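In what follows, a single structure is set out as structure tokens and then discussed.
Taken together, the values in this text are just the output of simple stated rules run on the coordinates, not laboratory data. All of these numbers come straight from a predicted model, not from anything done at the bench. Every residue, glycine among them, receives a Cβ derived from its backbone with ideal geometry; neighbour counts consider all protein chains shown.
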């Protein structure tokens, strides 16, 4: 007994953090979305329900490895990350639990969530075209595919294919037109590049504004952020594929961790996240579109106009991600 | 006096010190085991090779990646050698206007993370950046500018970011070498250049090699800077395997190949050095410096200023400008705790790692038997691994230990605790020791190299005990080496991102993780405030320690 006691005291001294959250009035979130975005939501949730939320932020891949390694001992209850590809992977690795929730199924459209209920999109990001409105007219544009046309030679700017947003874009392209045709399109893009690919969307837009190229593909919130800072830039958004498949959209989303000890509380939190308060905070905090169609986007975001979105289920982006990366490697898209 | 002639390797100072080598060896092996565990966890990946990812990589990218990596190694290696040794020679052995200032100022770029330098360079110098925009306004749109997002751009940024490793170690080696040897060389008829190349540099070789090795390992492990330039290296393949194909196995296999390469290179360098010994008398007298005059003095000032401007003053000014723009919305009381956490982790990790490195190095000297040698080699490899990969290795070994602690706790109390090590400050500190052992070991070991065994022998004859020798002789003689080790680890820990992100306790934010919060969603300019704070925090130890080691 003495030995046990002594060991416990020693352990307690060395590892003060040891007692992980076991009470039900707190949840643990692993998040690949950044602190400044999620913290206001967590604070609001605590104010409303009394449930406090502890969190750790990192990139999606290390968080998933951590979940997998910790297995049944994990303190995590909820995983939040960007991109359907990441969510699909987490589900495939068995890290996420199935959730059957009337609230979530009502609030989140079917193409923005896992058909098996393991993850739910919570905000929508549209990956669309942006062009220099001093150099070209919107009538010259039509679709993602058309950017492969030789008339855009030396006029296209793209972000690196290492970014998961482009991987998802190409994955849904494969799902739509098949691998051979998709590869032809991507090769066309590469042939049209004005300069080597950029490391982020903002740089793509700055290059377009500076006249290094005329058109590129970016997520709309980067556009919103850049224009907020420099409203005079000659940049406009264009919604492609409006007569065909629609604009490629992706999500940031969340799922309940399979090994969570507080699945009910975690589900309640997800349901709250699909409701008005959280949707506002999540979408407006980063100028994204709310996943819940009942919530209108922020005024700045609405001003970019309405568009038809691609309603292909986003799990295909995950399923075809590896194919997409290989395709882009073959096509020389760096 | 020091010699570079080959004498047979002695059996180690332990042979005549008559101390309890067993205890030292045991302690060292334990340290080595802790450091090696994450590498072993990663090496296990080779048990199940991921052939699909491998085939794809070898079909498409691998050749180009290997080529790029080699180009980077050779160019950055020569660059840091030239800048590091050249500048160290200037400030340690020559006198010119401003020498006192450049002496410590040239170490400042150490506090600027390579990825920060990279994003500032691209932000300022790219086509859409301010410099080229203004030039186009003045000179028309046809003006040509060397593309910054290019091979040359990456090399330049890395050389500027990593030369301080060589500068710092070469500088303290030159200072310790003193002037006597050089005078002897001059008396024997060598001119200044010949004396430099045939005496000063060869004698400082262990230190210079340690510095270059650190710079090259940093180059190999870098992911931040190369991804700003979208320059594909071997690390790119590792991340592609993991983040793209979600094959941590393939990523670990690639990482292990990288380590094999490093281990071979390090081994080759040591073999080339052969049995040469590098002991020098501790220089006690005033250093007589070459007084540079006229154009030579001007050239020295110019060289030092240009490097300092490009590697530190300009990028930090740009950061400060960006930071000023967001200071209103970004700066709040929490920054005090970010700052505090960063310094706290840096200081403790620096002490722990340096002590561990001292232990390893001393044991190695007591008795360089094969087991100890292997232990030392393995425990200094981790630095060349991309941070995230090593962090995962560390995390997985902690989780494994946790599971066992938990079953013990369950036996004791009847209920499990969940994570014990994972997510504690303790585990984070341990991860830093694992990651930065090489950083501490290099300076400590090369400082040990310069101590003549005869001094220790004399102390032994006079009846000093083992601890007394370590405390009263070795440690004072190792002072500059130990200070270098402390400083380097301190600054490295402050800049470290992936392990800190993965292993920190809930709610812990450091300046580096704050940078991550911004850059993860592409808000580079908002990251300027934590970045500039990080640089300022890094200045504290740099200035403090340089002052103390200056002569």
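Taking the convex hull of the alpha carbon positions in chain A and averaging its projected area over all directions gives 19.0 nm².
The mean count of C-beta atoms from other chains within 10 Å of the C-beta of residues in B:382-394, rounded to a whole number, is 1. Axis of helix A:179-192 versus longest Cα principal axis of chain A: the two differ by about 70°, to the nearest ten degrees. Shielding by partners for peptide B:503-509, expressed as the average number of C-beta atoms from other protein chains within 10 Å of each residue's C-beta, is 4. One chain, two ends: residue B:134 and residue B:151. Fully extended at 0.36 nm per residue, the span grows by 3.7 nm beyond their Cα-Cα distance.
May I ask you to order B:435-441, B:108-114, A:92-98 by the average number of other C-beta atoms within 10 Å around their residues, highest value first?
Per-residue mean Cβ counts within 10 Å order the peptides as B:435-441, B:108-114, A:92-98.
Between residue B:59 and residue A:229, the distance separating the two model label sites (each 7 Å from Cα on the Cα→Cβ line) works out to 4.0 nm.
Computed from the alpha carbon positions, the gyration tensor of the protein assembly as shown leads to an equivalent ellipsoid with semi-axes of 49, 35, 23 Å, biggest first. What's the whole-number percent of alpha carbon pairs in chain B lying beyond 47 angstrom? Every Cα pair in chain B considered, those over 47 Å come to 13 percent. Summary value for segment B:420-551: 30 percent relative contact order, contacts being C-alpha pairs under 8 angstrom separated by 6+ residues. Give, to the nearest whole percent, the P(r) tail of segment B:382-435 beyond 19 angstrom, counting all Cα pairs. Value for segment B:382-435 (Cα pairs over 19 Å): 33 percent.
Set the Förster radius R0 to 35 Å, insert the Cβ-Cβ distance between residue B:332 and residue B:291 as r into 1/(1 + (r/R0)^6), and round the FRET efficiency to 0.05.
0.10
Our Cα-only numbers for segment B:120-211 put the radius of gyration and Dmax at 21.4, 60 Å.
Per-residue Cβ neighbour counts within 10 Å put B:377, B:526 in the sequence B:377, B:526, beginning with the fewest.
May I ask you to compute the full-extension gain from residue B:369 to residue B:52, defined as 0.36 nm times their residue separation minus their alpha-carbon distance, rounded to one decimal in nm?
On the way: separation 317, 0.36 × 317 = 114.12 nm, distance 4.16 nm.
This chain segment gains 110.0 nm when fully extended.
Calculated mean residue ellipticity at 222 nm for the protein assembly as shown: -19000 deg cm²/dmol, from DSSP H runs with n ≥ 4 weighted as -39500 (n - 2.57), summed, divided by the residue count and rounded to 500. Among B:367-374, A:201-208, B:196-203, B:169-176, the peptide with the highest mean count of other Cβ atoms within 10 Å heads the list, and the full ranking is B:169-176, A:201-208, B:196-203, B:367-374. Relative to the longest principal axis of the Cα atoms of chain A, the long axis of helix A:220-229 lies at roughly 80 degrees.
With a/c under 1.5 counting as rounded, go ahead and sort segment B:415-468 into rounded, prolate or oblate using the C-alpha gyration tensor (a ≥ b ≥ c being the square roots of the eigenvalues; past the cut-off, prolate if a/b is larger than b/c, else oblate). Because a/c hits 1.5 or more and a/b fails to exceed b/c, segment B:415-468 counts as oblate. Measuring r between the beta carbons of residue B:269 and residue B:317 and using R0 = 35 Å, the FRET efficiency lands at 0.40.
Remark: mean inter-chain Cβ contacts per residue of A:195-207 equal 5, using a 10 Å Cβ-Cβ cutoff to other protein chain atoms. If R0 is 51 Å, the Cβ-Cβ spacing of residue B:194 and residue B:408 corresponds to a FRET efficiency of close to 0.20.
Taking only alpha carbon atoms, segment B:353-481 gives an Rg to Rh ratio of 1.12, where Rh is the Kirkwood radius. All C-alpha to C-alpha distances of segment A:73-119, sorted into 10 Å bins beginning at zero, yield P(r) values of 24, 57, 18, 1 percent in whole numbers.
A simple packing score, the average count of other Cβ atoms within 10 Å per residue, orders the peptides B:485-496, A:156-167, A:259-270 as B:485-496, A:156-167, A:259-270, with the highest score first. With all pairs of different C-alpha atoms in the average, the Kirkwood value for the hydrodynamic radius of segment A:129-254 is 14.7 Å. Taking the longest Cα principal axis of chain A as reference, the axis of helix A:201-210 is set at about 30 degrees.
On the principal axes of its alpha-carbon atoms, segment A:237-306 has extents of 46, 25, 18 Å, going from largest to smallest.
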